[in-house]
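K.L.:
Quick one: this structure, given as structure tokens, is what I'll be asking you about.
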Amino acid sequence: ENVKWFQCAHCSYKVKLKETLKNHTISKHTNSEDVELFKCEHCFYKTKLRSKFKRHVVLRHTYSEDVNWFQCEHCSYKSKLKAHLGSHMLKHTNPEDIKWFKCEHCSHKTK
């Protein structure tokens, strides 16, 4: 309710964050020739988005001792990415306490 949605000018995609819409537009509706690609110096990976490039470098090319690890408070699990720890934490959550997000157009639901 009362959420301002940002609508893509090229498709039906809509999102709450303007920055996410910008990333969507670059990723889905901009030709690779029309944007400067971020190219990895360690492998053949390249992307249109700086955020995806940073994520790639952390996951693939950062030594374990140089990572600011996200540690689970309930077990020995640790992750290089905060989002991965968040997904892991659902394993420690009582199923009745999980808030499910349901699609308003179909039967899909997700945690």
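K.L.:
Being out of contact with any strand residue (DSSP E or B) (no Cβ under 8 Å at 6 or more places or on another chain) and farther than 21 Å from residue 20 by Cα is the filter; apply it to the stretch 39-58 and report the residue that is least open to solvent (accessible area, probe 1.4 Å). Even if it seems obvious, please write down each step before you answer.
P.N.:
Initially, the stretch 39-58 is screened for residues out of contact with any strand residue (DSSP E or B) (no Cβ under 8 Å at 6 or more places or on another chain), giving 41-44, 51, 54-55, 57-58.
Going one step further and asking which of them are farther than 21 Å from residue 20 by Cα, we end up with 41-44.
Values: 41: 162, 42: 113, 43: 51, 44: 204 Å².
By that ranking, first place goes to 43.
K.L.:
Follow-up. Give me the residue from the stretch 37-58 that is among the hydrophobic types (A, V, I, L, M, F, W, C) and outside any helix (DSSP H, G or I) and, out of that set, farthest from residue 27 (Cα to Cα). Let's see the steps before the verdict.
P.N.:
So in the stretch 37-58, the residues among the hydrophobic types (A, V, I, L, M, F, W, C) come out as 37-38, 40, 43-44, 49, 53, 57-58.
Next, from what is left, pick out any that are outside any helix (DSSP H, G or I): 37-38, 40, 43-44, 49.
Working: 37: 11, 38: 12, 40: 17, 43: 21, 44: 18, 49: 7 Å.
My answer is 43.
K.L.:
Sticking with this one: What are the pairs with Cβ atoms under 6 angstrom where one residue, in the stretch 21-35, is more than 12 Å from residue 47 (Cα to Cα) and the other, located anywhere, is open to solvent by less than 70 Å² (accessible area, probe 1.4 Å) and not in a helix (DSSP H, G or I)? Sequence gap at least six, or different chains.
P.N.:
Correct list of pairs: 21/6; 21/15.
K.L.:
Scan the stretch 72-100 residue by residue and report those that are in contact with a helix residue (DSSP H, G or I) (Cβ under 9 Å, 6 or more places away or on another chain) and of a type in the set (D, E, K, R).
P.N.:
Across the stretch 72-100, the qualifying residues are 73, 78, 80.
K.L.:
Going through the stretch 51-72 one residue at a time, which ones are more than 19 Å from the chain's Cα centre (by Cα) and either assigned by the TED database to the domain that holds residue 20 or modelled with pLDDT under 95 (or both)?
P.N.:
Those that are more than 19 Å from the chain's Cα centre (by Cα) and either assigned by the TED database to the domain that holds residue 20 or modelled with pLDDT under 95 (or both): 63, 64, 65, 66.
K.L.:
Within the stretch 59-88, track down each residue that is within 25 Å of residue 110 (Cα to Cα), open to solvent by less than 90 Å² (accessible area, probe 1.4 Å), not in a loop (DSSP other than H, G, I, E, B) and not polar (S, T, N, Q). Don't jump to the end; show me each part of the working.
P.N.:
The first filter runs over the stretch 59-88 and keeps only residues within 25 Å of residue 110 (Cα to Cα), leaving 59, 70-75, 77-88.
Subsequent filtering for residues that are open to solvent by less than 90 Å² (accessible area, probe 1.4 Å) retains 59, 70, 72, 75, 77, 79-81, 83-88.
So of that shortlist, the ones also not in a loop (DSSP other than H, G, I, E, B) come out as 59, 70, 79, 83-88.
59, 70, 83, 84, 85, 86, 88, listed by residue number.
The values are calculated or read from the model by the stated rules, or taken from the named source; none is laboratory data. On a predicted model such as this, the values are computed, not experimentally measured, just so you know. Every residue, glycine as well, gets a Cβ built from its backbone with ideal geometry; the counts of neighbours run over all protein chains shown. For the accessible areas, the whole protein counts, side chains as well, though only heavy atoms, and no ligand, DNA or RNA atoms are used. Shrake-Rupley method; radii C 1.70, N 1.55, O 1.52, S 1.80 Å.
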